[in-house]
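K.L.:
Mind looking over this structure? Questions follow.
Bear in mind that the values in this text are calculations on the coordinates, not laboratory data. Since we're looking at a predicted model, the values are computed, not measured. In this analysis, Cβ positions are derived from the backbone assuming ideal geometry, glycine residues included, and neighbour counts consider all displayed protein chains.
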């Protein structure tokens, strides 16, 4: 054995210098290991395999200004999917409309969906921001819809924002509303003149309408604790006198 070990180490054809030895570099091994960990974490948290498509359903809304891509889709308050994209709706005749078609990807927890399913755009809470799609699966007796089907606009609803209400008013209506608000505000803040004080109640002389209303609310009697029962009435005994007294 010593002889064999000495011959193998002294053979110049078998000996490889340390600088020429090749193997897996630590940097490459570490990069591959981190990539595997990242892929497993992504699959674990998102439960979505890349380059695959889940169950998708479309819904036509009159307006979709409130939702964005990746907005949540909820059923009874539970997240069951998200908005994938928003496109302009084209009618069966090929004409572009002002409606919007929202494509949603639904998880298995939100299935099945039925023909009478409805979708509403609702505001999220203050800390979450933006809006979400509130999806109602429909009645179990109704037929189910398949992947890629569309919920018609008659079964969807979108919130009406205050800005849209003002835009819908004509110029004359807007001017009348502004005049009404100015007149109401002026009536509450205007100081009474001498004629008003002469004809007004002494308790409100020199006060604005708002000050008079505040005083009246403070001096108003407090509401009773509860309804008064008819059995709690007390009657004083009547005094009878005889004719001869």
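K.L.:
How would you rank 139, 103, going from fewest to most other Cβ atoms within 10 Å of each one's own Cβ?
P.N.:
In order of increasing Cβ crowding within 10 Å: 139, 103.
K.L.:
By average Cβ neighbour count within 10 Å, what is the ranking of 188-195, 210-217, 92-99 from highest down?
P.N.:
Descending packing order for the listed peptides: 210-217, 188-195, 92-99.
K.L.:
Would you mind ranking 113, 180 by Cβ crowding within 10 Å, fewest neighbours first?
P.N.:
180, 113
K.L.:
Over 17 Å apart: what share of the alpha carbon pairs of the range 55-160 falls there, rounded to a whole percent?
P.N.:
48 percent
K.L.:
Order by neighbour count: 89, 184, fewest other Cβ atoms within 10 Å first, most last.
P.N.:
Listing 89, 184 from fewest to most nearby Cβ atoms yields 184, 89.
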